[in-house]
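Visitor: Just passing along the structure, written as structure tokens.
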């Protein structure tokens, strides 16, 4: 197993590329993002100017931005930062897909109440969303969590249009979380709809899945932008957790993205067992690059298998309404990837230079081009083909 000389990403990343020094392409993406998102006074000034711009553009609106909230560390701290530091008037938005932990629900309620922020919750029809999640399990790709991610994204954009808000504020920090390899996670509307047509039985009505063309309309015609303030901060999750515990009564759900029971199952059991994917490598690699921990400390942590909560697999199977035999078939079926389904990826590749310009203009987050600007489909196909032969 070859491993990056700088971080802990390795050959379990299908599209990983090493330079002559053994450093991976995701370390290089991290360095490019450092140049794009300065810290310190320069980063503060950028955010101050942006907040003033947002206020001016939204003077006649009830809300001047939209913030997605999940009850986890990042989104809770982001909401605090937007209200207390940037002095903005956000609308907090949550997508309820039926998998919220009790702690997540309490965290969202406490944060919005104590900050005096309105909360909009989009509730999915459980039978519809369950059917879509089962479809992605049957599709046998590492993207079984994509439906949730993309629907959240779609809800935010649709609500921004409805409320005439020009800014969606996201809580991602590449310094703390890293960049997810495309061979581990890929999402677009055509992909989701194709998987649902192949394996699903229900028509989706209760939640949106916006098309690429609708997204382009929102971006270039409606001029709705996505902003990531945490990218400009020397963001520390432990310090953020201390603050939101003290100020907002926040409780720890027990791990990164574990505010969702399904995500906890997905990251701790499903990905490692079926695909040999351990997403801790992404986060630990980010911390190494940011000087938060040493490479040796990260390697030591990875020697211990991702902890799986007792009973969580049985709980998920039962909640999804599938039999143990069906689940065994899912776990043992041939591994595939987004390359095996209809997606917008070839179209994204065709328009990669206009996308590059849009990223430079901050119409899209810069990571969109850095991540999707290279065609990795051949490497991904070859990787999973070899994986299936083991």
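The values are calculated or read from the model by the stated rules, or taken from the named source; none is laboratory data. Everything quoted here is computed from the prediction, not taken from an experiment. Backbone-built Cβ (ideal geometry, glycine too); neighbour counts: all protein chains shown.
Visitor: Quick check on residue 142: is it within 30 Å of residue 194 (Cβ to Cβ), assigned to a loop (DSSP other than H, G, I, E, B) and within 18 Å of the chain's Cα centre (by Cα)?
Guide: For residue 142, the condition - within 30 Å of residue 194 (Cβ to Cβ), assigned to a loop (DSSP other than H, G, I, E, B) and within 18 Å of the chain's Cα centre (by Cα) - is met.
Visitor: Test residue 241 against the stated conditions and say whether it is surrounded by fewer than 18 Cβ atoms within 10 Å (Cβ to Cβ), in contact (Cβ under 8 Å) with a residue 12 or more places away in the chain, under 25 Å from residue 108 (Cα atoms) and under 20 Å from the mean Cα position of the chain (by Cα). Please lay out each step first, then the result.
Guide: Numbers: surrounded by fewer than 18 Cβ atoms within 10 Å (Cβ to Cβ): yes; in contact (Cβ under 8 Å) with a residue 12 or more places away in the chain: yes; under 25 Å from residue 108 (Cα atoms): yes; under 20 Å from the mean Cα position of the chain (by Cα): yes.
Considered against the rule, which asks whether it is surrounded by fewer than 18 Cβ atoms within 10 Å (Cβ to Cβ), in contact (Cβ under 8 Å) with a residue 12 or more places away in the chain, under 25 Å from residue 108 (Cα atoms) and under 20 Å from the mean Cα position of the chain (by Cα), residue 241 comes out as yes.
Visitor: Another question about this same structure. Quick one: which residue in 207, 199, 153 is surrounded by 21 or more Cβ atoms within 10 Å (Cβ to Cβ) and touching a helix residue (DSSP H, G or I) at 6+ places or on another chain (Cβ under 8 Å)? Steps first, please.
Guide: Working: 199 fails: surrounded by 21 or more Cβ atoms within 10 Å (Cβ to Cβ); 153 fails: touching a helix residue (DSSP H, G or I) at 6+ places or on another chain (Cβ under 8 Å).
Sole residue among the options that is surrounded by 21 or more Cβ atoms within 10 Å (Cβ to Cβ) and touching a helix residue (DSSP H, G or I) at 6+ places or on another chain (Cβ under 8 Å): 207.
Visitor: If I go through the range 335-347 residue by residue, how many of them are in contact with a helix residue (DSSP H, G or I) (Cβ under 6 Å, 6 or more places away or on another chain), part of a loop (DSSP other than H, G, I, E, B) and closer than 15 Å to residue 135 by Cα? First the steps, then the outcome.
Guide: The first filter runs over the range 335-347 and keeps only residues in contact with a helix residue (DSSP H, G or I) (Cβ under 6 Å, 6 or more places away or on another chain), leaving 335, 337-339, 341-344.
From what is left, the residues that are part of a loop (DSSP other than H, G, I, E, B) are 335, 337, 341-344.
Remaining after also requiring closer than 15 Å to residue 135 by Cα: 335, 337, 341-342.
Residues that pass the stated criteria total 4.
Visitor: Determine which member of the set 137, 88, 79, 119 is touching a residue at least 24 places away in the same chain (Cβ under 8 Å), part of a loop (DSSP other than H, G, I, E, B) and touching a helix residue (DSSP H, G or I) at 6+ places or on another chain (Cβ under 6 Å).
Guide: Values: 137 fails: part of a loop (DSSP other than H, G, I, E, B); 79 fails: part of a loop (DSSP other than H, G, I, E, B); 119 fails: part of a loop (DSSP other than H, G, I, E, B).
Result: 88 is the single residue among 137, 88, 79, 119 that is touching a residue at least 24 places away in the same chain (Cβ under 8 Å), part of a loop (DSSP other than H, G, I, E, B) and touching a helix residue (DSSP H, G or I) at 6+ places or on another chain (Cβ under 6 Å).
Visitor: Based on what the data block shows, is residue 95 buried (at least 22 other Cβ atoms within 10 Å of the Cβ) and either assigned to a helix (DSSP H, G or I) or free of Cβ contacts under 8 Å to residues at least 12 places away in the same chain (or both)? Steps first, answer last, please.
Guide: Details: buried (at least 22 other Cβ atoms within 10 Å of the Cβ): yes; either assigned to a helix (DSSP H, G or I) or free of Cβ contacts under 8 Å to residues at least 12 places away in the same chain (or both): no.
No: the conditions fail for residue 95.
Visitor: Within the range 45-76, count every residue that is outside any helix (DSSP H, G or I) and surrounded by fewer than 19 Cβ atoms within 10 Å (Cβ to Cβ). Break it down into steps so the answer makes sense when it comes.
Guide: Step one: of the range 45-76, the residues outside any helix (DSSP H, G or I) are 58-72.
With the extra rule that they be surrounded by fewer than 19 Cβ atoms within 10 Å (Cβ to Cβ), the set shrinks to 59-62.
Of the residues in the range 45-76, 4 are outside any helix (DSSP H, G or I) and surrounded by fewer than 19 Cβ atoms within 10 Å (Cβ to Cβ).
Visitor: So, of the residues in the range 285-303 that are out of contact with any helix residue (DSSP H, G or I) (no Cβ under 8 Å at 6 or more places or on another chain) and at pLDDT 95 or above, which turns out to be nearest to residue 237 (Cα to Cα)?
Guide: Per the criteria, the residue is 297.
Visitor: Right, something else. Which ones in the range 357-379 are assigned to a helix (DSSP H, G or I), under 20 Å from residue 337 (Cα atoms) and within 20 Å of the chain's Cα centre (by Cα)? Talk me through it step by step, then tell me what you get.
Guide: Looking only at the range 357-379, we keep the residues that are assigned to a helix (DSSP H, G or I), and these are 357-360, 367-372, 377-379.
If we keep only those that are under 20 Å from residue 337 (Cα atoms) too, we end up with 368, 371-372, 377-379.
368, 371, 372, listed by residue number.
Visitor: Tally up the residues in the range 1-42 that are surrounded by fewer than 16 Cβ atoms within 10 Å (Cβ to Cβ) and under 19 Å from residue 302 (Cα atoms), please.
Guide: 4
Visitor: If we scan the range 7-25, do we find a residue that is within 21 Å of residue 291 (Cβ to Cβ), part of a helix (DSSP H, G or I) and out of contact with any helix residue (DSSP H, G or I) (no Cβ under 6 Å at 6 or more places or on another chain)?
Guide: Yes, because at least one residue in the range 7-25 is within 21 Å of residue 291 (Cβ to Cβ), part of a helix (DSSP H, G or I) and out of contact with any helix residue (DSSP H, G or I) (no Cβ under 6 Å at 6 or more places or on another chain).
Visitor: One residue is enough: does the range 355-366 have a residue meeting the conditions surrounded by fewer than 15 Cβ atoms within 10 Å (Cβ to Cβ) and either touching a residue at least 24 places away in the same chain (Cβ under 8 Å) or in contact with a helix residue (DSSP H, G or I) (Cβ under 7 Å, 6 or more places away or on another chain) (or both)? Explain how you work it out, then say what you get.
Guide: Our first condition is that a residue be surrounded by fewer than 15 Cβ atoms within 10 Å (Cβ to Cβ); within the range 355-366, this holds for 357, 360-362.
With the extra rule that they be either touching a residue at least 24 places away in the same chain (Cβ under 8 Å) or in contact with a helix residue (DSSP H, G or I) (Cβ under 7 Å, 6 or more places away or on another chain) (or both), the set shrinks to 362.
There is at least one residue in the range 355-366 that is surrounded by fewer than 15 Cβ atoms within 10 Å (Cβ to Cβ) and either touching a residue at least 24 places away in the same chain (Cβ under 8 Å) or in contact with a helix residue (DSSP H, G or I) (Cβ under 7 Å, 6 or more places away or on another chain) (or both).
Visitor: Here's a check for you: in the range 210-235, which residue that is farther than 20 Å from residue 152 by Cα and surrounded by fewer than 16 Cβ atoms within 10 Å (Cβ to Cβ) is modelled with the highest pLDDT?
Guide: 221
Visitor: If I filter the range 372-390 down to residues being in contact with a helix residue (DSSP H, G or I) (Cβ under 7 Å, 6 or more places away or on another chain) and in contact (Cβ under 8 Å) with a residue 60 or more places away in the chain, which single residue comes out as surrounded by the fewest Cβ atoms within 10 Å (Cβ to Cβ)?
Guide: Looking only at the range 372-390, we keep the residues that are in contact with a helix residue (DSSP H, G or I) (Cβ under 7 Å, 6 or more places away or on another chain), and these are 372-373, 375, 377, 380-381.
From the residues that got through so far, the ones that are in contact (Cβ under 8 Å) with a residue 60 or more places away in the chain too are 372, 380.
Values: 372: 19, 380: 22.
Of everything passing the filter in the range 372-390, 372 is surrounded by the fewest Cβ atoms within 10 Å (Cβ to Cβ).
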